[in-house]
Structures are given as structure tokens and as C-alpha cells.
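Asker: Supplied in C-alpha cells, the structure appears directly below.
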Amino acid sequence: MCGLSGEIRFDGGRPDVAAVERMSDRLAARGPDGSGIWTQGPVALGHRRLKIIDLSDLGAQPMTDAGGTVTGVFNGCIYNYKELRAQLQGLGHRFESTSDTEVVLRSYLEWGTDCVDHFHGMFAFVLFEHRSGRLVLGRDRLGIKPLYLAQTPGRLRFASSLPALLAAGDVDTSLDPAAVHQYLSWHATVAAPRTVLAGVRKLPPATVRVVEPDGTHRDHRYWQPSYTRRAEYADMTATEWRDAVLDALRTAVRRRMVADVPVGVLLSGGLDSSLIVALLADEGQRDLATFSVGFESEGGEEGDEFRYSDLVAKEFATDHHQLMVPSHRVSTALDGAIAAMSEPMISHDVVAFHLLSEQVAKEVKVVQSGQGADEVFAGYYWYPELASAAREDEPRQYAETYFDRPHSDLARMLQPHMLPDEDVSARFVREHMAAPGAETALDAALRLDTHVMLVDDPVKRVDNMTMDWGLEARVPFLDHELVELAAACPPELKLADGGKGVLKEAGRKLLPADVVDRPKGYFPVPAIKHMAGPVLERVREALGAPEARKRGIFQESYVAELLAAPDAHRTKRGANALWQVALLEIWLQTHGI
């Protein structure tokens, strides 16, 4: 788990090594254990290292194979790297380290761009072929590891975070109206390849991009599971589905224990993280380090769920760490969390994850986390409504239940220059829903949520907040084989028991009933949800700043309406509208835009 950066020139010039060094410096938090810069011809690569596998200097990056054929930088973890190493040795490859990075290089030398089909893991990598001058970029199937791109005539820069690209300079920081439309429609999600900045793009998940020396490129999307009922599962009973899901999750959790350092668990006390703890205990893990965070109550709303995490910790005898955050700490931590965001994210648990990660990183370097289960196994409240929609009505129903607001509301929110001519967010959804490979309305919705919305909201959130403290977070519910199995699972088994039915049935085999049957929880941060005290002060300051007035994203009358009643305006999904508007402006100002 690390941070990568670099530049390739297409105009015959030499790369700006100083710019790559600035990007690498900005990524220092992602990789506090080592750094390196490599340059040859039109290319410069930078790397910051977090030592998880092969703690020796033999695992340092950028890394070149012994034959001098390819040099690469890599961020993430290949969980099956030992098996691949043995396979490659059988094919004649010789290794100089025990790192998974060298396995990535050797896999590329053996299988070319098809190497990604062999990887179980989370990853982003960039490889330079010395002889051909090609650059190859790859990203894991579920987009767990980020890869940002900034291309100008004659040059491409890339990095593990958007702020790193800004540190290099010469980035078009004008706003992308279509991305802002998505941000305001989808609870701050902006789908790849867009970001809110017109000059920065993201390599989409499950994509390998080959960049030729002249700057032309071709993309290959190498994975997309079918959301249909498959013949091999046709005769499975509900009990057999439960057991298959539990077995696949067990494998996913076991894979994510691969490390040369201890691995802990972020334990919220919900079904998903509790299942991870239970499975690890069932595998024989003892004194597993678990971590929970809570906040002071605000506005009559409880800010912690310790009663559940304590129950699980006691049941499985974990080495449990409980962190209670006072309300005043939320406001002081807010700017640090926003600085860690590669893109603006409004969910309250951004600050929770950032504060929790700060403390967890003092104890361990790697944790497992329960993100993704709700999208993969239909755990959210809106899925039953979507499941009942006719296929032709599915896009409209999705917008009714998922969007923060309709396109018509944006006309009174945004200045005219920021409003696209059409409802670009609804069009995006229509196109995804209409794509082949989804059998029912629910299948289409889960495909969209898992492969688009999940990637650029909760998954990105966890990566950004943990890696800002040099903490690697692994997400077993996004094991690609588990996702493939869940995609084929009959919708009624996922919708059962109020959602995640098949997963709850698996949980009943391992967990106390109070954990399986508890109300759905989340990371509550009342001080943000209710725009209390110093948080509101920060919002007023940002929206009244000269930069905000000059930028002119929002109608002044609309901003004044929100500020007059900070806790009164909610989006259809319950978000505080003032926070959504203000967070975009605070993020832009924080990153010097």
C-alpha cells in the first residue's frame, strides 16, 4: 500500500522530475516508510512506500526487473502473490525479492496486459516498457485503489491522489459542470472518468490503459460480472446459497490476512464488520486488534454504537480499542479530513474515519473493513422499491429513490454557467440501466451501485481517510469472486429479512442474534449532520470568502436561504443541503483552487 506518481512526455521533451518529486512529497502520508524517483527518456516515476509485504529494501520502488525490460510503480496488495510467484517460478522466472510488486512486474512480462486476470487484490499500477516506450496503467476490478490523470498536449501526469497532481502544477482547475451535476445529484459521487475539475480524470475501475509513445491510448475493460441467474446455480436452495456466501466470504477474509505485519479490524458493531471478526476468530485468530469510534450526542441524537461493538469484542475475545471523540474535536479535525480528500465527499463518516484512522495507525498498519456489503447484498432501504419497478421504469424509480434532488431543482441552485443543458446524471443512469447483463430491475440497480456509486463514495472515502495516516484498509466484501457470486444470487434472497437476507442468514451461524437483528447503523457524526457550533462557523466563513464569490458556483439567493436556516434544508436522501453546498467550496479553497 503506497502512493505512486509520474509523468510521460509525448513531444520529445524530458519529464519534469521536480514536478514528480512534488507529487511524491504530497503522497508522503500514503507511504511514510520509503521513497524513490526513477527517470529514463520521456518518463519519470515516483513512489512512496508503506512497508506491508517484504519489509526489506528489496521491495523498494520504482522497481525494474532484472533484465531491464520494464520499470513500474504499484499501489495496493496482490493477495495471491505467493501462489503467482510459485507459478511464475515454474515458468522460468527468477525473483530477487519476496514482494508482491515484483510479482506484478513478472506477471506482466509473462502475460502482458492479461496479467490483471491473474490478480486477486486491490491495485493501481503504472509500468513503462523500456524498448517500446509504452506506458501501461491498470486499476483493480472494484476501483479500491485510485489512479488520477492529468493530460495536456505533449504530456500525461498520473498520481494516487488528486492533490498530488495539483502539487505538480499546470492543472486545469476549472469546474466540470457535468461532474458538479453528479455531485449534487448523487450524494457527492462523481463517476469515473470525471472529477469536479475539468483537467483531472480517473482511470475507471477494471481498466487497463496502454499509452503509446505518441500519446494515443486504448482502454480494455477486463471485468464485469453478469447480474443474471446462471445455469450452474439453478438448483441451489436458500440454505446452499447461505453456505456458498459464507464460504466465499471466509476465503475473502482469509486472503486479506496476507501481510508481514499484524492485521486488525475496524469494528462498528454492525453485521458486516462483526462477520469479519467472527470469521477470523473461527480461523483461529487470537487477540485480534479491533477498533471502534463514537461521538458525543448532539441534537438529541446518539453518536456511538459501542454497545454492539463491545458485544462482538467480548464474544470473540478481541483486543478491543474504543475511541470516543468529543464534539469540539470534530470541528478541529474537519479541515484535516477535507485536506485528505482527493475529491469532495459529504458523508458524515469521513471525519469519523479520519479520526479513527489516526488512532488505529498508532497500533497497526493494516485493517480489514466492512465497506461494500450493502451495495453487494442489497442492504439499503431503497432496494425493495427499485425491485418492484418495471424495467422500463427503472431509471425513473432509481432517480426517485436515490437522487438527492431532481434536475429541475439545480436551476435555482446553480449559476447559469454551471448548469448543463440536459439532465446529465439521469442520462448516465438510463444508459447504465439499459446495458445488457442485468436480469431484473434490482440487478440493474445493484450493478450501478456496486460498480459506480460504491467506487466513488464509500470505497474512495475509506482509502483517502486511512491512507492519510499510512493505514492500509482491506475490504473483503469487495473480493471479486464474492461479488460475482452475489451478482448471480436470486434477488429475493438478498432482499429478504429487510435487506442483506442471505448475509444475515450466514451471520446467524456465527454471531449473537442481537448483532444480526439490530437496526441498521452508520457512523453518526451529529455535529456535522445538524450544522452545530464551530462547524457552522466554518461553513459561513467558506461561503462568504472572496474566492467563493468570485467562483460563483451557486445562486446567492439560494445560499442565503440555506444559511438562514442551517438545519432545515435536507436533500431527498436526508443530507444537509447546506453542508453539501459548503463542502464543495471548502474543498476547493483547502486545495488552493
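The values are calculated or read from the model by the stated rules, or taken from the named source; none is laboratory data. Every value quoted in this text rests on a predicted model; they were computed, and no experiment measured them. Note that each Cβ is placed from the backbone with ideal geometry, even for glycine, and that neighbours are counted across all protein chains shown. All accessible areas refer to the heavy atoms of the entire protein, side chains included, with ligands and DNA or RNA removed. Shrake-Rupley method; radii C 1.70, N 1.55, O 1.52, S 1.80 Å.
Asker: Probe radius 1.4 Å, ligands and nucleic acids ignored: give me the carbon and sulfur share of the accessible area of the range 1-58 as a rounded percent.
Answerer: Here it works out to 47 percent.
Asker: Of all the C-alpha pairs in the range 357-402, what % are more than 18 Å from each other?
Answerer: Of all Cα-Cα distances in the range 357-402, 51 percent exceed 18 Å.
Asker: From the protein chains alone at 1.4 Å, what is the descending order of accessible area for Asp514, Asp117, Asp374, largest first?
Answerer: Output order, biggest surface exposure first: Asp514, Asp117, Asp374.
Asker: So what are the range 1-98's ellipsoid semi-axes, whole angstrom, largest first, if each one is the square root of 5 times an eigenvalue of the alpha-carbon gyration tensor? Working shown, then result.
Answerer: Working: eigenvalues 130, 65, 18 Å².
They are 25, 18, 10 Å, listed largest first.
Asker: Would you mind calculating the gained length between Leu58 and Ala390 on full extension (0.36 nm times residue separation, minus the Cα-Cα distance), in nm to one decimal? Before the final figure, lay out the partial values.
Answerer: Numbers: separation 332, 0.36 × 332 = 119.52 nm, distance 5.67 nm.
The Leu58-Ala390 span can extend by a further 113.8 nm.
Asker: With θ set to phi - 60°, apply the Karplus curve 6.51 cos²θ - 1.76 cosθ + 1.60 along the range 551-558 and write out the HN-Hα couplings as whole Hz, x wherever there is a Gly or Pro.
Answerer: Working through the residues one at a time gives 5, x, 6, 10, 4, 4, 5, 5 Hz.
Asker: Using a 1.4 angstrom probe on heavy atoms only, work out the carbon and sulfur share of the accessible area of the range 222-355 in %. Walk me through the numbers on the way to the answer.
Answerer: Numbers: 2490 of 5270 Å².
Solvent-exposed carbon and sulfur of the range 222-355 make up 47 percent of the total.
Asker: Then there is this: Taking Rh as the Kirkwood radius, which is the inverse of the mean 1/r over Cα pairs, what is the Rg/Rh value for the range 477-593?
Answerer: So for the range 477-593, dividing Rg by the Kirkwood Rh gives 1.18.
Asker: Quote the accessible area belonging to Glu363 in square angstrom, nearest 10, computed with a 1.4 Å probe and with ligands, DNA and RNA left uncounted.
Answerer: Glu363 has an accessible surface of roughly 110 Å² with all protein chains in place.
Asker: A further question on this structure: Checking a compactness column here: for the range 106-198, what do you get for Rg(Cα) / (2.2 N^0.38 Å), N being the number of residues?
Answerer: The range 106-198 yields a ratio of 1.27.
Asker: Follow-up. Report, in cubic angstrom per residue, the convex hull volume of the C-alpha atoms of the range 438-544. Intermediate values should be presented prior to the final figure.
Answerer: Working: hull volume 19.1 nm³, N = 107.
Each residue corresponds to 178 Å³ of Cα convex hull volume.
Asker: Compute, for the chain, the length of the dipole vector about the Cα centre, with Cβ point charges of +1 (Lys, Arg) and -1 (Asp, Glu) only. Units Debye, rounded to 20.
Answerer: On the way: 64 positive and 84 negative charges, 188 e Å.
With only Lys, Arg, Asp and Glu charged at Cβ, the dipole is about 900 debye.
Asker: Next question, about the same structure. Can you list the lysines whose alpha carbon sits under 24 Å from that of Lys362, skipping same-chain ones fewer than 8 residues off?
Answerer: Lys51, Lys145, Lys314, Lys460
Asker: Counting other Cβ atoms within 10 Å of each Cβ, which trypsin sites (Lys or Arg not before Pro) in the range 86-175 have at most 13 and sit in a DSSP loop?
Answerer: Within the range 86-175, the qualifying trypsin sites (Lys or Arg not before Pro) (loop, at most 13 other Cβ atoms within 10 Å) are Arg94, Arg131.
Asker: Using alpha carbon coordinates only, what is the Rg to Rh ratio of the range 8-48, with Rh defined as the Kirkwood radius?
Answerer: 1.04
Asker: Express in whole angstrom the spacing between the alpha-carbon centres of the range 240-283 and the range 472-523.
Answerer: With the range 240-283 and the range 472-523 each reduced to a Cα centre, they are spaced 12 Å.
Asker: Moving to a separate point now. If you average 1/r across every pair of different Cα atoms in the range 294-383 and take the reciprocal, what Kirkwood value do you get, in Å?
Answerer: Mean inverse Cα-Cα distance, inverted, gives 15.3 Å.
Asker: A further question on this structure: Express in Å², to the nearest 10, the accessible area of Met324 obtained by rolling a 1.4 Å probe over the protein heavy atoms while all chains stay in place.
Answerer: The value for Met324 is about 90 Å².
Asker: Right, another one. Looking at the calculated P(r) for the range 538-583, what percent of the C-alpha pair distances fall above 13 Å?
Answerer: Of all Cα-Cα distances in the range 538-583, 53 percent exceed 13 Å.
Asker: Moving to a separate point now. Once amide H atoms are built 1.01 Å from N in the peptide plane, which residues 5 or more positions from Lys51, or in another chain, come under 5 Å H to H?
Answerer: Amide H neighbours of Lys51, under 5 Å, 5+ apart: Asp33.
Asker: Cα atoms only: what Rg and Dmax, in Å, come out for the range 159-216?
Answerer: 12.8, 39
Asker: Using 0.36 nm per residue of separation minus the Cα-Cα distance, give me the extension gain between Gln589 and Ala28 in nm, one decimal.
Answerer: Result: 199.8 nm gained on full extension.
Asker: Rolling a 1.4 Å sphere over the protein heavy atoms, what is the accessible area per residue of the range 331-410, to the nearest Å²?
Answerer: Solvent-accessible surface per residue comes out at 31 Å².
Asker: Set the Förster distance to 45 Å, then compute FRET efficiency between Arg94 and Ala231 from the Cβ-Cβ distance, nearest 0.05.
Answerer: E(calc), rounded to 0.05, equals 0.55.
Asker: Quick check for me: using +1 on Lys/Arg Cβ and -1 on Asp/Glu Cβ, what's the dipole size of the range 149-237 about its Cα centre, in debye to the nearest 20?
Answerer: So the magnitude is around 80 debye.
Asker: Rg and Dmax of the range 183-301 over Cα atoms: what are they, in angstrom?
Answerer: When restricted to the Cα atoms of the range 183-301, Rg and Dmax are 21.2, 61 Å.
Asker: Still on this model: Could you state the per residue volume, in Å³, of the convex hull enclosing the Cα atoms of the range 334-468? Each step should come with its number before you reach the end.
Answerer: Details: hull volume 18.2 nm³, N = 135.
In the range 334-468, the Cα hull volume divided by residue count equals 135 Å³.
Asker: A further question on this structure: Residue farthest toward the positive end of the dipole of the chain, with Cβ of Lys/Arg at +1 and Asp/Glu at -1: which of Pro153, Leu249, Met418?
Answerer: Farthest towards the positive end: Pro153.
Asker: Just want the answer: with Cβ charges of +1 for Lys and Arg and -1 for Asp and Glu, which residue in Leu493, Ser174, Tyr402 is farthest toward the dipole's positive end in the chain?
Answerer: Projecting each Cα onto the dipole axis, the largest value belongs to Ser174.
Asker: How big is the charge dipole of the range 188-304 about its Cα centre, in debye rounded to the nearest 20, if each Lys and Arg gets +1 on its Cβ and each Asp and Glu gets -1 on its Cβ?
Answerer: Charge dipole of the range 188-304: 780 debye, to the nearest 20.
Asker: Taking amide hydrogens as modeled 1.01 Å from N in the peptide plane, which residues meet the under 5 Å criterion relative to His120, leaving out close sequence neighbours?
Answerer: Residues meeting the criterion, in which the H sits 1.01 Å from N, are Tyr79, Asn80.
Asker: Keeping the other protein chains in place, figure out the carbon and sulfur percent of the accessible area of the range 69-187, with a 1.4 Å probe. The partial results should precede the final answer.
Answerer: Values: 1490 of 3390 Å².
That share works out to 44 percent.
Asker: Another question, then. Could you run the Karplus curve 6.51 cos²θ - 1.76 cosθ + 1.60 with θ = phi - 60° over the range 349-362 and give me ³J(HN,Hα) per residue in whole Hz, x for Gly and Pro?
Answerer: Once θ is set to phi - 60°, the couplings for the range 349-362 become 6, 4, 5, 4, 5, 5, 5, 5, 4, 4, 6, 5, 4, 6 Hz.
Asker: Same structure, new question: Compute the Rg/Rh shape ratio of the chain: radius of gyration over Kirkwood radius, all on alpha-carbon atoms.
Answerer: Numbers: Rg = 23.2 Å, Rh = 24.5 Å.
So for the chain, dividing Rg by the Kirkwood Rh gives 0.95.
Asker: Can you give the accessible area of Arg508 in Å² (nearest 10), computed on protein heavy atoms with a 1.4 Å probe?
Answerer: Using a 1.4 Å probe on the heavy atoms, I get roughly 100 Å².
Asker: Now a separate question. Quick one: accessible area per residue over the range 91-208, 1.4 Å probe, rounded to a whole number of Å²?
Answerer: Per-residue accessible area for the range 91-208 comes out at 26 Å².
Asker: Between the range 85-138 and the range 383-447, how many Å separate their Cα centres?
Answerer: A separation of 39 Å, based on Cα centres.
Asker: Give the relative contact order (percent, whole number) for the range 345-498; include only Cα pairs under 8 Å separated by 6+ residues.
Answerer: Across the range 345-498, relative contact order equals 47 percent.
Asker: To continue, here is another question. Relative contact order for the chain using alpha-carbon pairs under 8 Å, separation at least 6, rounded to a whole percent?
Answerer: 16
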